[in-house]
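Every read-out reported here was derived from the displayed coordinates using simple, explicitly stated rules and does not represent laboratory data. All values reported here derive from a predicted model rather than from experimental measurement. Don't worry about glycine lacking a Cβ; one is built from the backbone with ideal geometry, like all the others, and counts go over all protein chains shown.
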Ligand code: SF4
């Protein structure tokens, strides 16, 4: 079903917008659409009006045919030929986002953006929300591999991309930047080269068996 939702989104994408951005948004939206509970815009780190704007700009056919009164997940599953039993019982999930943390991450990203535009702000919000997950960032976002994530960071936040000269895991790298900015030193070792936690910060971010098709529910 995840792939079907991705396909529905991409089949109606706006050809005037960058394919790479549309693909990133479609992967993230289709991934979040599979969660049994929770507001999809909140899971993406976007306000409801921002998600509507994103749909209008990148997936206009979807935005034109959906009702804003309807759960976005229910709509996407129906549009993809499936059904989704919403478990929110009609209540919008207002669960506590770690607002301060995501705000700091968004600021870090936007401080390194290539240009000022809404798409970059949406990408920053989605990346920051993804950092609240427990797996590799690219997995929590629903991307197909680490390269997807590196590519989108390079495109929208080149200052950060080129700063990660040691190829540190992206989530670790973002938080290390925040610690460095706040002059907080959490590392036990004097340098990465002699650190016992090296593998946690720089180890491979692969996951056997994880890909878009395998991850469909
Ligand atoms: S490898 Fe060790 S010293 Fe380097 S960032 Fe990670 S925890 Fe800090």
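Can you give me the relative contact order of the stretch 2-79 as a percent, contacts being Cα pairs under 8 Å and 6 or more apart?
RCO, the stretch 2-79: 38 percent.
For a protection proxy built on the mean count of beta-carbon atoms within 10 angstrom, sort 58-70, 147-159 highest first, please.
So the peptides 58-70, 147-159, ranked by packing, come out 147-159, 58-70.
Nearest 0.05, what FRET efficiency do residue 202 and residue 18 give at R0 = 45 Å with Cβ-Cβ as r?
Efficiency for this residue pair is about 0.90.
Return the single residue from 56, 115, 191 with maximal mean-square fluctuation; model: Gaussian network over the chain, springs between Cα atoms under 10 Å.
The residue that fluctuates most here is 191.
Please give the contour-minus-distance gain from residue 163 to residue 99: 0.36 nm per residue of separation, less the Cα-Cα distance, rounded to one decimal in nm.
20.5 nm is the gain from fully extending residue 163 to residue 99.
For residue 47 and residue 183 in one chain, what is 0.36 nm times their gap in residues minus the Cα-Cα distance, to one decimal in nm?
Stretched out fully, the residue 47 to residue 183 stretch lengthens by 45.8 nm.
List the relative contact order of the chain as a percent without decimals, with contacts defined as Cα pairs under 8 Å and 6+ residues apart.
The normalised contact order for the chain reaches 23 percent.
Using only Cα atoms and rounding to the nearest 10 degrees, what angle (0 to 90) does helix 146-156 make with the longest principal axis of the chain?
For 146-156 against the chain, the angle is about 90 degrees.
I want to check the label-to-label distance for residue 195 and residue 118. Put each point 7 Å from Cα in the C-beta direction and report it in nm to one decimal.
If labels sit at residue 195 and residue 118, their model points lie 3.9 nm apart.
Compute the helix-to-body angle for 170-181: its Cα long axis versus the longest principal axis of the chain, expressed 0 to 90° and rounded to tens.
Computed tilt is about 60 degrees.
Which of these, 185, 113, 146, has the largest mean-square fluctuation under a Gaussian network model of the chain (Cα springs below 10 Å)?
Looking only at 185, 113, 146, the largest GNM fluctuation is found for 185.
Could you bin all the Cα-Cα distances of the stretch 1-96 into 10 Å bins starting at 0 and give me the percent of pairs in each, rounded to whole numbers?
17, 55, 26, 3
Run the helix sum for the chain: -39,500 (n - 2.57) per DSSP H stretch of 4+ residues, divided by residue count, reported at 222 nm to the nearest 500 deg cm²/dmol.
-15500 deg cm²/dmol
Compute a Gaussian network model of the chain, connecting alpha carbons closer than 10 Å, and tell me which residue from 201, 187, 28 fluctuates the most.
187
Once both axes come from the Cα atoms, what is the angle between helix 2-11 and the longest principal axis of the chain, in degrees from 0 to 90, rounded to 10?
The angle comes out near 70 degrees.
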